[in-house]
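One structure is given here, and the rest of the page talks about it.
The values are calculated or read from the model by the stated rules, or taken from the named source; none is laboratory data. Because the structure is predicted, anything quoted here is derived from the model rather than measured. So basically every Cβ, Gly included, is an ideal-geometry build from the backbone, and we count neighbours across all protein chains shown.
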Amino acid sequence: MRVSRTIVFLLAALGCYSSFAAGVSLPDAERVVLANGTVLILNENHEVPLIGLEAVVPGGASADPADKHGLASLLAGLLEKGAGDRSSAEFAEAIASVGGELSASADLEAISVSAEFMSKDAALMVELVRDMLRAPELQRGEFLKLRERSVNLIKAAKGGDPGELMPAYANAFLFGDHPYGNPVGGSESSLANITLGDLLAFHSDMMGGDRLVIAVSGDFDTASMQKALTDAFGDWRAATGSLPSIQAAAPLPGRRVLLIDKPGATQTYFYIGNVGVDRNYTHRAELDLANTVFGGRFTSMLMTELRTKSGLSYGARSTLTRYAKPGALFIVSFTETSTTVAALDVAVGVLGQLRDVGLDQAMIESARNYIMGQFPPRLETASQLARMFASIEANGLDVSYINDYGDSLNAASRESIAAVINKVYPPADSLVFVILGDADSIRDEILQYGPVTEMSISEERFHPQGERESGLSGRADQ
Amino acid sequence: MLKVALAYVLASLLVFWLLGGLLIWLGAPDWANEFLLLVLAIGFPVALIFAWAYEITPSGLKKSLDVDQTQSIVFKTGQKLNAAVLVLAVLGVLALVGEQLLPTFEFPKIIEPILPAPVYEKPDKEGVPAEIRAHTLKNGLRIIVWPDHDIPNVVMYNYVRAGGRNEYPGITGLSHFFEHMMFNGTEKRAQGEFDETMEAAGGANNAYTSEDLTVYQDWFPRTALETIFELEGDRLKNLAIEPSVVETERGIVYSERRSNYDNDNFGRLYLEMNATAFIAHPYQFPVIGWASDIENWTQEDLESYFKTYYAPNNLTMVFTGDVKPEEVFNLARKYFGPIPAQEAPQAIRTVEPEQLGERRLLIEVDAPTPLMHVAFHAGNATDPRTLPMNVLLNILVGGSSSRLHQVLVEQEQLALAIGGFQMEGFDPGLVYFYLTLPPDADIAVVENRLLEELNRVATDGVTEAELAKARNIMIADYWRGLSTINGKAATLGGAEVFFGDYQEAFALPGKLDEVSAEQIQAVAEDIFNRKRMTLGVLRSPAGEDAQ
């Protein structure tokens, strides 16, 4: 009897599998464009007494000057250090005294402010966000303190988990001088070049009402929230500078290796990849399915080979960063120093397997169910919704980016996925390796992956100095 | 007689199927099903004996030997039995087919109103959402369900009462290692199939191990509900501890240890802080395990660990999201009900003796910036000092407006960052502060300023404004926690496991109102006692320049 019930559940479950990728859609929202160009998106819902707000001003770290990486990030940090009538301490106190959350941060494409307050404190929230964006103190003492602290926190990170610094090294090596190679938080040396004047100029050049997008979701009345935001931002001046014009970087031909020496490290950390795709890539659904199977979940090909079967690593994944122009595609993992080559070989082998064999129908079905099954919790809270609305608007997308996603996943076929894999995932002879570990133990054996550029983790930068490629002979004398 | 046996078996199966379904629907205890089976089983030999010794005649039962063989109706009765066997067999086949077509056993809607409703534990305290239900299976497995239909997803947390505190030298890290082994195959499923099946159904999972607990988490669309039960039931019932898989997994856990501790200065110092602050209680052991134990624990260690700690009476499960309590309890009975209870694990007997003087610890490794950790012995989760201490921690290190952040990071720039937490476990733990220092820090100065500030709370207390702010932050965090189905599961589970009642979770706002400034001062005076302090520093060897 128990067996027959098991069969029943299997049949029922199979029946469900084919039908549940019905799709996820964003709730309705009001979109308002103010006279100065500021865009408001308002999504009212009263489930919990909270309001989430996301304000986005495009620009970000890709607008940092070449010798001043970390400028946008430093400015974002300083926005919180006093604004309007409040000193730095008073500003922090105003947020905390009502149990609110408010912070500013930079990424490559924007400076963003995220807030979450109890609905009764909506007016205070709008006031604080307004002051931060429009009237930050940008005071010298606070600036010097924050700059020094930022430099020291990078030093501290070098004594922490090296995995956290790897994206900065990897993007710097892959993109070089291209803006997508900028370390968002800067480096010890680039932060030292930044002056308060640079911050003031960035604030007026890059930030202004014409570029601002504000999305709000949660427990408020749309009409009064719209009025509050219009009063706060409707007369904010326009930004005076132009946004950086960014060219698409082409994938790097051939193989090259960056070795970052951390003496005594018992583990080697590695990124392997090349330039990937942009946010508007037509076959996003196909690529997401492929990447889910390749390195996007626990049973992925990379996890299976590097962890489950071989025990070489605790974790392995593949990351896709997608901006207005193509970002990076990287395999990410780490392994004990003595198994560095074994793990690198496995990773490269799995990439080859993806390109040669591709995905079968069962893998595609499974990945589709996984993506759709895990989607709803990403749009569960007011803050998540605010962030999604703001991101869609700021990146020039529309709600079909979410609402049509389920259909695109359903439409992806084995053939269309294979074509995407072939185009997007780099072939074995065009790979960039970024490897951090105890150089004395691994230097010789990683020469096989291509010409090696070496730097030390104690250098105060993420970009290697001088020639990108030093090659075999370059190392011999050092 | 053979026919009687066949007829009996077929009839029994039908009766069991029908009555079993009815019992499940009624929410009857698990033993009811087993009792029914027992009655039917006892009936079997009785029926056979009767068939052999008696004949069923129109005038009642007669001993076979007493029946005149010429008058025997065995033949006729046999024919009736033939018919009965045939009818029962047809009914059986129909039932099986019917069952294949219906996902679950259901009674016609029309008779539902006249059947008594299943009874599960409803909340009985004020302020607790009325839709929550709880139920304990006969084998001791406790299940709590909080329906929330905002998104078509479900979260499951399974709390296993096994963690670092249940270990001893030789098996340190075993709880955490076991967390890994629970994903590595059963008698039915090869290694990897658990995750493959779950992900193909749209679900994802994870798990974590602490000093007190091992917690398994599944996040899945509601369509995968029964798949999840089947998977979870299978690994609790039929876990395979395959020696070759154990060896691979040692490598994986070692890699995890290298990442989080051996190559991370924070982790390095943290492990040795616990090992120094505790000299007797097992909280001294790293949850990840000492390296030599990871290399050497045995198959036998693993098997006995599983039997002891993964018994249903040692588990608490929480389900939140797009489910009905009845369906969860029904599935739980079906998939977890048959797992036998075990003897309760041995209590942890060791009590940490009182510390009688401060302890100091120095680690000299390559460190671009020094780290300082400071810990004081404090209470367990239910200790009356624990909540006031949490409020105080919020005042001291909760965000950039907090006292210690303002003094040490902003005003005096003695530290790059400071944080703190309190262990809130089954046994008395630590209040813990961790500081990242600038490369050129004067460590003695930092220590003095930190201890002065802690002392200041003990002598001068906190202001009403600070108290109000901390309360507001904690209340807002409480609401944020309850704004997702994941947060709901974690909130209910934590209260049930540590306070013995999930309803305690909802008492937090009220309890926070009762915390007074005087209480906080008294707790600071009691706990921030240098005699019960452990202070650890990690820095580059003296005389060497930091990188």
Review point. Taking the condition assigned to a helix (DSSP H, G or I) and facing chain B (nearest Cβ under 9 Å), does A:A92 pass?
Key: yes
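Only one of these is more than 9 Å from chain A (Cβ to nearest Cβ) and either in contact with a Pro (Cβ under 8 Å, 6 or more places away or on another chain) or hydrophobic (A, V, I, L, M, F, W, C) (or both): B:A224, B:A200, B:A204, B:A190. Name it.
Working: B:A224 fails: more than 9 Å from chain A (Cβ to nearest Cβ); B:A200 fails: more than 9 Å from chain A (Cβ to nearest Cβ); B:A204 fails: more than 9 Å from chain A (Cβ to nearest Cβ).
Selected residue: B:A190, the only one of B:A224, B:A200, B:A204, B:A190 that is more than 9 Å from chain A (Cβ to nearest Cβ) and either in contact with a Pro (Cβ under 8 Å, 6 or more places away or on another chain) or hydrophobic (A, V, I, L, M, F, W, C) (or both).
Filter segment A:210-219 down to residues that are touching an Asp or Glu at 6+ places or on another chain (Cβ under 9 Å) and crowded, with 22+ Cβ neighbours inside 10 Å and give me whichever is farthest from A:D64 (Cα to Cα). Talk me through it step by step, then tell me what you get.
We begin by selecting, within segment A:210-219, every residue touching an Asp or Glu at 6+ places or on another chain (Cβ under 9 Å); these are A:213-219.
Of the ones still in play, those that are also crowded, with 22+ Cβ neighbours inside 10 Å are A:213-218.
Details: A:V213: 21, A:I214: 23, A:A215: 26, A:V216: 28, A:S217: 31, A:G218: 34 Å.
The extreme case among them is A:G218.
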Point to revise | Condition broken by B:S244, with the remaining ones in (1) assigned to a helix (DSSP H, G or I); (2) more than 9 Å from every other protein chain (Cβ to nearest Cβ); (3) of a type outside the set (A, V, I, L, M); (4) within 30 Å of B:L331 (Cα to Cα) satisfied | key: (4)
Exercise for review: Determine, yes or no, whether A:S366 is assigned to a strand (DSSP E or B), of a type in the set (S, T, Y), within 14 Å of chain B (Cβ to nearest Cβ) and touching a helix residue (DSSP H, G or I) at 6+ places or on another chain (Cβ under 6 Å).
Suggested key: no
**Study point:** Any chance A:L146 is touching a strand residue (DSSP E or B) at 6+ places or on another chain (Cβ under 9 Å) and either of a type in the set (S, T, Y) or not in a loop (DSSP other than H, G, I, E, B) (or both)
**Key:** no
Check your understanding: Looking at (1) more than 26 Å from A:A250 (Cβ to Cβ); (2) within 14 Å of chain B (Cβ to nearest Cβ); (3) among the aliphatic types (A, V, I, L, M), which is the only condition A:A390 fails?
Key -> (2)
Revision key, fill the gap. Checked segment A:168-197 for anything charged (D, E, K, R) and either in contact with a Pro (Cβ under 8 Å, 6 or more places away or on another chain) or not in a helix (DSSP H, G or I) (or both); matches are A:D177
Point to revise | Cross-chain or 6+ apart pairs with Cβ under 8 Å, segment B:308-324 first and without any contact (Cβ under 8 Å) to a residue 40 or more places away in the chain and not assigned by TED's automatic domain parsing to the domain that holds B:E226, then of a type in the set (F, W, Y) and outside any strand (DSSP E or B) | key: none
**Study point:** segment A:42-69: number of residues that are crowded, with 21+ Cβ neighbours inside 10 Å, farther than 25 Å from A:A172 by Cβ and among the charged types (D, E, K, R)
**Key:** 1
Check your understanding: What's the number of the condition B:V409 fails, among (1) under 30 Å from B:L492 (Cα atoms); (2) without any contact (Cβ under 8 Å) to a residue 12 or more places away in the chain?
Key -> (1)
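Identify all residues within segment A:341-363 that are within 14 Å of chain B (Cβ to nearest Cβ) and either β-branched (V, I, T) or assigned to a helix (DSSP H, G or I) (or both); write none if there are none.
Going through segment A:341-363, the residues within 14 Å of chain B (Cβ to nearest Cβ) turn out to be A:342-343, A:346, A:359-363.
Answer for segment A:341-363, where residues must be within 14 Å of chain B (Cβ to nearest Cβ) and either β-branched (V, I, T) or assigned to a helix (DSSP H, G or I) (or both): A:A342, A:A343, A:V346, A:Q361, A:A362, A:M363.
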Review point. Would segment B:416-437 turn up any residue that is surrounded by 21 or more Cβ atoms within 10 Å (Cβ to Cβ), in a loop (DSSP other than H, G, I, E, B), within 14 Å of chain A (Cβ to nearest Cβ) and of a type in the set (G, A, S)?
Key: no
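Tell me, please, whether a residue that is among the polar types (S, T, N, Q) and in contact with a Phe, Trp or Tyr (Cβ under 6 Å, 6 or more places away or on another chain) can be found in segment B:292-313.
Initially, segment B:292-313 is screened for residues among the polar types (S, T, N, Q), giving B:292, B:296, B:298-299, B:304, B:308, B:313.
Cutting the leftovers down to in contact with a Phe, Trp or Tyr (Cβ under 6 Å, 6 or more places away or on another chain) gives us none.
Checked segment B:292-313: no residue is among the polar types (S, T, N, Q) and in contact with a Phe, Trp or Tyr (Cβ under 6 Å, 6 or more places away or on another chain).
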Check your understanding: Tell me, which helices (runs of 4 or more DSSP H) lie completely within segment A:387-478 with 1 or more residues that are surrounded by fewer than 13 Cβ atoms within 10 Å (Cβ to Cβ) and modelled with pLDDT of 95 or more?
Key -> A:405-411, A:414-424, A:439-442
Study note, to complete from the structure: Taking segment B:467-488 and keeping residues more than 7 Å from chain A (Cβ to nearest Cβ), under 16 Å from B:L387 (Cβ atoms) and crowded, with 19+ Cβ neighbours inside 10 Å leaves B:L467, B:A470, B:M474
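Checking the conditions here, which among A:S333, A:S338 is surrounded by fewer than 21 Cβ atoms within 10 Å (Cβ to Cβ), within 14 Å of chain B (Cβ to nearest Cβ) and under 17 Å from A:I435 (Cα atoms)?
Working: A:S333 fails: surrounded by fewer than 21 Cβ atoms within 10 Å (Cβ to Cβ).
The match here is A:S338.
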